[in-house]
Every structure is written in C-alpha cells, then in structure tokens.
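A.B. asks: Dumping the structure here so I can ask a few things about it.
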Amino acid sequence: MSDQVRIVEVGPRDGLQNEKIPVSVEARVAFIENLVGAGLHTVEVGSFVSPKAIPQMTNSDQVLRAVDHHPDCEFHVLVPNEKGYEAAKAAGAKVIAVFASASEGFSKANINCTVAESIERFTPVVQHARADGIKVRGYVSCVLGCPYDGEVKPAAVAAVAKKLWDLGCYEVSLGDTIGVGTPVKARQLLRAVVADVPIKNLGMHFHDTYGQALANLYAGLEEGARVIDSAAGGLGGCPYAPGATGNVATEDVVYMLEGMGISTGVDMNKLVVATNDIARVLGKPPVSRVASAINAGRR
C-alpha cells in the first residue's frame, strides 16, 4: 500500500450541516482556507439546497466565490435539483455532487421520494453539468445500514452506484451514513460494487458512530480503494439519521495512512490548527482522537 490516497475533505459541508447553529460565511471561508493551507486540495465547501431545509448551508454561493482563487484545488458543492444546479453554476462551480440513497426509508425521510424518483430528479442535473463541462460526483447514502430500514443489501447499493456511474458521475462515494458497518461488511460491499464501478472510481465515506470507521477504511484499502472522504475534527452527522455521529476524522485518517507509508500531502500541525479554530467557533472540542492527543501534548 505504498501508493497515494486522495482525501476528500467534507467538513465544511457534510461536517457543518448538522450543527445546531449556522456558521457565518466568514468562518466557513476561514475554515476552508485553513484546510487548503494544511494540504487538503479537494474540499466540499457547501450545498445549494433550500435554506429552510438546511439553514447551515445558506449563502454557499458566497463561500464558493470567496475560496475559488486556488487554481490547484477542487471545490465540490452538493446540488439536489435543477434549481440548485443553476445557482451552483452561476457561482462558478466546477464540480458538483448529487446524491441518492440505497434504502427507500432514508430516501423518503430525507428528500420525500423513492430512490427511483430521486434518480429521475437529478438525471437532468447530471446531463446539464456534463454538457456544461462541470464534473459530477455521486453519493450513495446508507450503504451499510439504514436508520429506518435496517440492513441494506450490497446488491441494492451496487444497483444505485451503477446508475450513478452510467449517468456519467466520474466518482461514486459510498456512505455509511449511520456508521454501523464493520470491516467484513465493508469488504463485501466493495466487492459487490466493483462489478459495475471500477475500484479507482469509488470513494469511501464512513461515519464513526460505532468506532469502526478506520477499520472499515483499512479493509477498503486492502481491496484497492484509494479515495477517502473525511471531516476535520470528526465533524458531521446527518439531520435525517437520528443518532448518527460524525464522519471519520481527517486527522485520524492522515495519522493512519502516514503510519502505513502512504503519502497524503497533509501537514498535521496545520490541520489541527484548522480543527481547533472551527471547534472554537462551534464551542465544542474536536472528536478526533489524534487532534485531542496533539492538543493534550501541547498543553
């Protein structure tokens, strides 16, 4: 495992969207700038959803415009529909993300439609984006379990991932939204999905509710996956997944990878500064074990 891994930092979007109070545009921009300064060059910076649905992501257009001066960075924004796409395009988005669930229960709770209806809803978004030269990343939620339907079969995940891939998504991120997966199940999942989507085009997006995220990522690395979604400080959760805790912490991922001899290009000290700064804004300590250990050592 001596080759590189690409980290997709999702803290500024997936991490902050579940916070009880909105974070200002200025604080979100500062967070992103700190992450870029730490060496994270692929960052999810916002979403073009209704402010009523996710008020924490209000003014994502301002955030995107404020950070879009880094030529070597790739900034992603989530879009749910054509209206969101047009707003993202107007703000200068170069990469958008669309999402579908692998479970019917979560799809209905999250966006009030079936899985098939959700795909129909964003199909024109993907088509417009590709015609406009904008890259599209696909997310699949609840790949290892659902808060409403319970167990999710790998075949159901593979079917949704295939549809995203066939539509033209350049990468498909597999999300363990409620963090219930274990290494064996993560391995089985990847083996099911690679029948339809190449392993190099699959991302692993694992939450750490039961403390299994790093172990699941390691299992995925053994299968050949080389894209990892993570959030600085372990930020995250999902407004529509009760009890789910945050994403796997970027610090913990970097520590594991570098310890395995896998280059990340991330400066750990600068990353912890970014985490500490946003933690102060949120008024709570980071969940990351590594950040906590480094902070304790500094004290």
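A.B. asks: Checking ALA27 against (1) small (Gly, Ala, Ser); (2) modelled with pLDDT of 95 or more; (3) in contact with a Gly (Cβ under 8 Å, 6 or more places away or on another chain), which test does it fail?
C.D. replies: Going through (1) small (Gly, Ala, Ser); (2) modelled with pLDDT of 95 or more; (3) in contact with a Gly (Cβ under 8 Å, 6 or more places away or on another chain) one by one, ALA27 breaks only (3).
A.B. asks: Would you check if there is a residue in region 80-90 being modelled with pLDDT under 95, within 16 Å of the chain's Cα centre (by Cα) and more than 25 Å from LYS270 (Cβ to Cβ)?
C.D. replies: Yes, there is a match, as at least one residue in region 80-90 is modelled with pLDDT under 95, within 16 Å of the chain's Cα centre (by Cα) and more than 25 Å from LYS270 (Cβ to Cβ).
A.B. asks: Looking at (1) within 17 Å of ASN247 (Cα to Cα); (2) surrounded by fewer than 17 Cβ atoms within 10 Å (Cβ to Cβ), which one does ALA213 not meet, given that it meets all the others?
C.D. replies: (2)
A.B. asks: Taking the criterion of being in contact (Cβ under 8 Å) with a residue 24 or more places away in the chain and among the charged types (D, E, K, R), would at least one residue in region 253-266 satisfy it?
C.D. replies: If we filter region 253-266 for residues that are in contact (Cβ under 8 Å) with a residue 24 or more places away in the chain, which is where we start, we get 253-257, 260-266.
In the following step, the residues that additionally are among the charged types (D, E, K, R) were identified as none.
Checked region 253-266: no residue is in contact (Cβ under 8 Å) with a residue 24 or more places away in the chain and among the charged types (D, E, K, R).
A.B. asks: Here is a follow-up. Go through the residues of region 14-28 one by one and say whether even a single one is under 22 Å from ALA161 (Cβ atoms) and among the polar types (S, T, N, Q). Write out each step before concluding.
C.D. replies: Step one: of region 14-28, the residues under 22 Å from ALA161 (Cβ atoms) are 14.
Narrowing the set further to residues that are among the polar types (S, T, N, Q) leaves none.
Within region 14-28 (the criterion being under 22 Å from ALA161 (Cβ atoms) and among the polar types (S, T, N, Q)), the answer is no, since none of the residues qualifies.
A.B. asks: Residues in region 112-158 that are touching a residue at least 40 places away in the same chain (Cβ under 8 Å) and acidic (Asp, Glu): how many?
C.D. replies: Of the residues in that region, 2 qualify.
A.B. asks: Let me spell it out: the conditions are (1) modelled with pLDDT under 95; (2) closer than 18 Å to ASN276 by Cβ, and ASP3 meets all of them except one. Which number is the exception?
C.D. replies: It is condition (2) that ASP3 fails.
A.B. asks: While we're here: Pick from region 74-108 the residues that are of a type in the set (Asp, Glu) and farther than 17 Å from GLN62 by Cα: which of them is surrounded by the most Cβ atoms within 10 Å (Cβ to Cβ)? Working first, answer last.
C.D. replies: Just the residues of region 74-108 that are of a type in the set (Asp, Glu), to begin with: 74, 82, 86, 104.
Keeping just the survivors that are farther than 17 Å from GLN62 by Cα gives 82, 104.
Values: GLU82: 13, GLU104: 18.
Among residues in region 74-108 that are of a type in the set (Asp, Glu) and farther than 17 Å from GLN62 by Cα, the one surrounded by the most Cβ atoms within 10 Å (Cβ to Cβ) is GLU104.
A.B. asks: Does ALA109 satisfy being out of contact with any Lys or Arg (no Cβ under 7 Å at 6 or more places or on another chain), under 21 Å from GLY11 (Cα atoms), touching a residue at least 40 places away in the same chain (Cβ under 8 Å) and not in a strand (DSSP E or B)?
C.D. replies: no
A.B. asks: Name the residue that is modelled with the highest pLDDT, counting only residues in region 148-174 that are in a loop (DSSP other than H, G, I, E, B) and surrounded by 15 or more Cβ atoms within 10 Å (Cβ to Cβ). Before you say what the answer is, go through the steps one by one.
C.D. replies: From region 148-174, those in a loop (DSSP other than H, G, I, E, B) are 148-149, 151-153, 168-170; that's our starting set.
After this cut, where a residue has to be surrounded by 15 or more Cβ atoms within 10 Å (Cβ to Cβ) as well, the list is 148-149, 152, 169.
Values: TYR148: 88, ASP149: 89, VAL152: 95, CYS169: 98.
For region 148-174, the residue satisfying everything is CYS169.
A.B. asks: Looking only at helices (runs of 4 or more DSSP H) that fall completely inside region 190-299, which ones have 2 or more residues that are under 27 Å from ALA109 (Cα atoms)? I'd like the intermediate steps shown before the answer.
C.D. replies: Details: elements: 213-223, 250-259, 268-282, 289-298.
Correct list: 213-223.
A.B. asks: Just to be sure, is GLU120 within 23 Å of ILE7 (Cα to Cα) and surrounded by fewer than 17 Cβ atoms within 10 Å (Cβ to Cβ)?
C.D. replies: Working: within 23 Å of ILE7 (Cα to Cα): no; surrounded by fewer than 17 Cβ atoms within 10 Å (Cβ to Cβ): yes.
No, not satisfied.
The values are calculated or read from the model by the stated rules, or taken from the named source; none is laboratory data. Values in this document were obtained by computation on a predicted structure and should not be read as measured data. Backbone-built Cβ (ideal geometry, glycine too); neighbour counts: all protein chains shown.
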